[in-house]
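Undergrad: The structure is given below, and queries will be raised subsequently.
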Amino acid sequence: MLVILPPSETKRSGGAGAFDPGRLRFADELTTFRSRVRDALETLSRDEEAAAKALKLGVKNRGELAHNRQLGESGVMPAIERYTGVLYDALDVATLDASSRSWLDRHVAVQSALFGIIGAGDEIPAYRLSASSRLPDLAMPLKRLWSTAHAEIPWADAQSFVLDLRSKDYGALAPLPAGLGWSVQVAQRGPEGEMRALNHFNKAAKGDLVRRLAQSQAAIDDVDAFLAWGAEAGLELGVRADERTLMLVTDLGAPGARQLPQADAG
């Protein structure tokens, strides 16, 4: 099983050691493209005004440009610890035990705008770049560059079942081959039984889902096994008939709703 997460705009600062791009997942396929994006980002970030505009930074977060100018020296930490925000707060990796953390390292990847697909345990520096950013030195959108780069990845050899939790913008950076991935739509059941999709609040449910997978040491190789695991975990999961999309019905994170019980810290 491979779970692909989106990154987050917010990231934890700090870390230790030098950044080594050769140790990132899919180094053979992506290192050249990673170097191109990194060089373009570093060049842009030397001009504070141009970078602030291109990266949509306000006065309060312009200091994040310093990260982009120190990618090799600012220290690294595992990607699953670097990213913060609603999804990663719900995942709460710091409170997972060693076996759960090992599961994440083996089964979870993150779609980065700077590095492409990386493993949960891959050590990366702090940076500021989003999927919609434009880097003048690339002369093309990140979507075009990364979709070309990821076409070389041996997806079929990566894992037998791929759970794609990325947003549309980040999914477009590395489209999965037809018939491989399953996306997840998070919905809340209304008082009359009607369903409504959750937007911002779907991130908490996705983080909680991955936490439960890690804690259970789930061994899943197809969608039927995933649905069976969900039923055993007490989750309401279903398959949409018209597309390769799974429906997760939850109140977790929804405004004014009851909170589902968290999985044990293990």
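The values are calculated or read from the model by the stated rules, or taken from the named source; none is laboratory data. Only a predicted model underlies this, so the values are computations on that prediction, with no experimental measurement involved. Cβ atoms come from the backbone with ideal geometry, glycine included; neighbour counts cover every protein chain shown. Protein only, heavy atoms only, side chains kept; ligands, DNA and RNA dropped before computing areas. Shrake-Rupley method; radii C 1.70, N 1.55, O 1.52, S 1.80 Å.
Undergrad: Being closer than 14 Å to R82 by Cβ and among the aliphatic types (A, V, I, L, M): is that true of I153 here?
TA: no
Undergrad: Here's a follow-up. Of all residues in segment 7-18, which are open to solvent by less than 70 Å² (accessible area, probe 1.4 Å), of a type outside the set (S, T, N, Q) and part of a loop (DSSP other than H, G, I, E, B)?
TA: P7, G14, G15, G17
Undergrad: Does segment 19-31 hold any residues that are in contact (Cβ under 8 Å) with a residue 40 or more places away in the chain, out of contact with any Ser or Thr (no Cβ under 7 Å at 6 or more places or on another chain) and not in a loop (DSSP other than H, G, I, E, B), and which are they?
TA: Of everything in segment 19-31, those that are in contact (Cβ under 8 Å) with a residue 40 or more places away in the chain, out of contact with any Ser or Thr (no Cβ under 7 Å at 6 or more places or on another chain) and not in a loop (DSSP other than H, G, I, E, B) turn out to be R23, E29, L30.
For every residue, the table says whether it meets (1) within 30 Å of L176 (Cα to Cα); (2) at pLDDT 95 or above; (3) more than 23 Å from the chain's Cα centre (by Cα); (4) surrounded by 13 or more Cβ atoms within 10 Å (Cβ to Cβ).
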{"residue": "L5", "(1), (2), (3), (4)": "yes, yes, no, yes"}
{"residue": "T32", "(1), (2), (3), (4)": "yes, yes, no, no"}
{"residue": "D39", "(1), (2), (3), (4)": "yes, yes, no, yes"}
{"residue": "E42", "(1), (2), (3), (4)": "yes, yes, no, yes"}
{"residue": "R46", "(1), (2), (3), (4)": "no, no, yes, no"}
{"residue": "K53", "(1), (2), (3), (4)": "no, no, yes, no"}
{"residue": "V59", "(1), (2), (3), (4)": "no, no, yes, no"}
{"residue": "R62", "(1), (2), (3), (4)": "no, no, yes, yes"}
{"residue": "L71", "(1), (2), (3), (4)": "yes, no, no, yes"}
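Undergrad: In addition: Collect the residues in segment 12-40 that are among the hydroxyl-bearing types (S, T, Y) and under 14 Å from R82 (Cα atoms), keeping them in residue-number order.
TA: S13
Undergrad: Any residue at all in segment 148-163 that is closer than 23 Å to A204 by Cβ and under 12 Å from the mean Cα position of the chain (by Cα)?
TA: For segment 148-163, residues closer than 23 Å to A204 by Cβ and under 12 Å from the mean Cα position of the chain (by Cα): present.
Undergrad: I'd like to know if segment 213-234 contains one or more residues that are at pLDDT below 90, closer than 29 Å to S160 by Cβ and either open to solvent by less than 30 Å² (accessible area, probe 1.4 Å) or among the hydroxyl-bearing types (S, T, Y) (or both).
TA: Looking for residues that are at pLDDT below 90, closer than 29 Å to S160 by Cβ and either open to solvent by less than 30 Å² (accessible area, probe 1.4 Å) or among the hydroxyl-bearing types (S, T, Y) (or both), one finds at least one in segment 213-234, hence yes.
Undergrad: Can you tell me which condition L198 does not meet? The list is (1) modelled with pLDDT of 90 or more; (2) closer than 21 Å to K168 by Cβ, and all the others hold.
TA: All conditions are met except number (1).
Undergrad: What single numbered condition from (1) surrounded by fewer than 16 Cβ atoms within 10 Å (Cβ to Cβ); (2) within 19 Å of S8 (Cβ to Cβ); (3) modelled with pLDDT of 95 or more fails to hold for A66?
TA: All conditions are met except number (3).
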